[in-house]
Amino acid sequence: MILYILLALVLLRALFSLIGATRCRKLPPGPTPFPVLGNLLKLGTQPHQSLAELAKVHGPIMTLKLGHITSVVISSSVVAREALQKQDLAFSNRSIPNAIHAHDQYKLDANQHLRCRKVEQLIAYIRKSCQDGAAVDIGRAAFRTSLNLLSNTIFSVDLANPNEDSAKEFRDLVWNIMVEAGKPNLVDYFPELAKVDPQGIRKRMTSHFGKVLQLFGRLIDERLELRRLRKAIGNHDVIDILLNISEENPNEMDRTHIERLCLVCTCFSLT
């Protein structure tokens, strides 16, 4: 009985999807989607090659149904340039940033000494590895440099220092977050499965983010203790500025806001 009910629900969903597809004719042409799965089966194990073959049939701009998500695929450099450069504002749905202030030369020069020092450390690490005949993982080396640059800007510490346990923990956490974010997720194609989390990606990401917030909490506590003892106070880094704002206007910036801002500035800047 339950099987028949589930089958009926699937058929109804497929019927509504077909009705919706017939009503919306403003999308570019594309292959006919299967019920529920859409065009996922047409991607195969080499999606880039499959998309190139589909483009030969349906044109340089086509519509694909990936699960329950409708996607428009552009395979022509001319069309891509039109969408991403000439019509960027319409496609990105965002306002034009104030580039004059965002890229002010003084702001770029403020951390120039820090950037130079981190690049010098990266070069020294690669040179030493070459002398020792050791293999260099360029991806991890660049990741460690970027992470240390961000963490020094915010906390004035290296959060990817291999000689410190807490730094190693943070580096591994951020790396795991990047790995989880890069995994194919069924929820991206079937939003109805979000509550189920069939692959456990959301559960693992929540755990990683929770541990990162705990680490940030410890760093903030250490900075508050230093400020209380008046050994470090002022506008030396981002965390000092945020704490100053919090002290002047607690309603505008509290402890939770500071931790989340640090999370966004570090993890999401790298991922």
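The values are calculated or read from the model by the stated rules, or taken from the named source; none is laboratory data. Since the structure is predicted, the reported quantities are computational estimates derived from the model, not experimental observations. Backbone-built Cβ (ideal geometry, glycine too); neighbour counts: all protein chains shown.
Points to keep in mind about this one:
- When the residues of the stretch 47-56 are filtered to those that are of a type outside the set (A, V, I, L, M), at pLDDT 90 or above and under 29 Å from the mean Cα position of the chain (by Cα), the one that is nearest to residue 186 (Cα to Cα) is 50.
- Screening the stretch 181-208 for residues that are touching a residue at least 12 places away in the same chain (Cβ under 8 Å) and in contact with a Leu (Cβ under 7 Å, 6 or more places away or on another chain) and picking the one that is nearest to residue 69 (Cα to Cα) gives 189.
- The helices (runs of 4 or more DSSP H) found wholly in the stretch 163-271 and carrying at least 1 residues that are modelled with pLDDT under 85 and among the polar types (S, T, N, Q) occupy 165-181.
- The numbered conditions (1) buried (at least 16 other Cβ atoms within 10 Å of the Cβ); (2) under 17 Å from the mean Cα position of the chain (by Cα); (3) of a type outside the set (Gly, Ala, Ser) are all true for residue 188 except (1).
- Some residue of the stretch 242-253 being within 25 Å of residue 168 (Cα to Cα) and free of Cβ contacts under 8 Å to residues at least 12 places away in the same chain: no
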